[in-house]
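The values are calculated or read from the model by the stated rules, or taken from the named source; none is laboratory data. Just so we're clear, the structure is a prediction, and the values are computed from it rather than from any experiment. Here Cβ is always computed from backbone atoms with ideal geometry, including for glycine, and neighbour counts include all displayed protein chains. For the accessible areas, the whole protein counts, side chains as well, though only heavy atoms, and no ligand, DNA or RNA atoms are used. Shrake-Rupley method; radii C 1.70, N 1.55, O 1.52, S 1.80 Å.
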Amino acid sequence: MTPVTPEPISRRARPAKAPLSREAIVRAGLAILDRDGLDALTMRRVAKELDTGPASLYVYVANRDDLMAAMLDEALARVPLVTEGTWRERLHALVAASVEAMSRHEGLAAVALGAIPTGANALLVLDRMLALLKEGGLDDVTAAWAVDLIHLHIAAAAAEQSARITRGSDESGAVADADRHYAALSADRYPMITALRPALFSPGDRDTWGLDVLLSGILRTPAG
């Protein structure tokens, strides 16, 4: 019998690819980041995820840094703008939600360090933060400078939390390990650490306290 050669499948019969867009590239980047980690996030890998060539991505994103910035802004879309409570309570909620949103994805908190917010969602968070600080009685310049400090606080807290998530460790386990290490230190060489070890590892909401320290200082220290 003569072998039957299968007819080639028409390109028109294949499922159509989703149209390429900045939003699709950002979603693909986040998927790779969450599934495979920061080292796996390359333009070539994102292009493969979208079944296209790397060159086609540069129509929508300038480079990997631009992609990471867009991914950070997409993550910040999760931040709710709370409307109930005092201005200070609402600011605490805004900061906590921002930390949580950044820390969910490895490496995004580092993008926020030293960057001026320009994305649509980041600008909404910034605008809300300025409104709350003004509601708290700050003058324009002090409110403007204050958001820089609070932004650094958010990015640092998110980077720490994200590192724990990436390592797969919980905070209580890390604290217990450090406490055991400190307990074995020489009191002659590290007298203050050994004397204050119980205080160093005392429980409590340090994130809330840290933001309150910043706010109390800001309220008492006008800029300029």
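Of note:
- Checklist (1) of a type in the set (D, E, K, R); (2) open to solvent by less than 30 Å² (accessible area, probe 1.4 Å); (3) over 16 Å from Ile25 (Cβ atoms) applied to Asp73, failing item: (3)
- From Glu89, Glu135, residue being modelled with pLDDT of 95 or more, in contact with a Phe, Trp or Tyr (Cβ under 9 Å, 6 or more places away or on another chain), open to solvent by 40 Å² or more (accessible area, probe 1.4 Å) and more than 21 Å from Glu160 (Cβ to Cβ): Glu135
- Residues in the stretch 21-53 that are part of a helix (DSSP H, G or I) and either open to solvent by 60 Å² or more (accessible area, probe 1.4 Å) or of a type in the set (S, T, N, Q) (or both): Arg22, Glu23, Arg27, Asp34, Arg35, Asp36, Asp39, Arg44, Arg45, Lys48, Glu49.
- Listing of helices (runs of 4 or more DSSP H) fully contained in the stretch 134-201 that carry 3 or more residues being more than 16 Å from Gly217 (Cβ to Cβ) and touching a residue at least 24 places away in the same chain (Cβ under 8 Å): 140-167
- On the stretch given as the stretch 192-220, residues that are more than 22 Å from Glu89 (Cβ to Cβ) and open to solvent by less than 90 Å² (accessible area, probe 1.4 Å) total 9.
- Out of Ala70, Ala97, Ala109, one residue alone is within 16 Å of Gln161 (Cβ to Cβ) and at pLDDT 95 or above. It is Ala97.
- Taken over the stretch 108-147, the residue count meeting the criterion of being over 30 Å from Leu33 (Cα atoms) and of a type in the set (A, V, I, L, M, F, W, C) is 10.
- Filtered by the rule that a residue be in contact with a helix residue (DSSP H, G or I) (Cβ under 9 Å, 6 or more places away or on another chain) and open to solvent by 90 Å² or more (accessible area, probe 1.4 Å), the stretch 163-187 gives Ile165, Arg167, Glu171.
- Taken as a whole, the stretch 74-86 holds no residue that is aliphatic (A, V, I, L, M), assigned to a helix (DSSP H, G or I) and farther than 20 Å from Ile165 by Cβ.
- Positions within the stretch 140-162 being open to solvent by 60 Å² or more (accessible area, probe 1.4 Å) and touching a Gly at 6+ places or on another chain (Cβ under 7 Å), in sequence order: Val141
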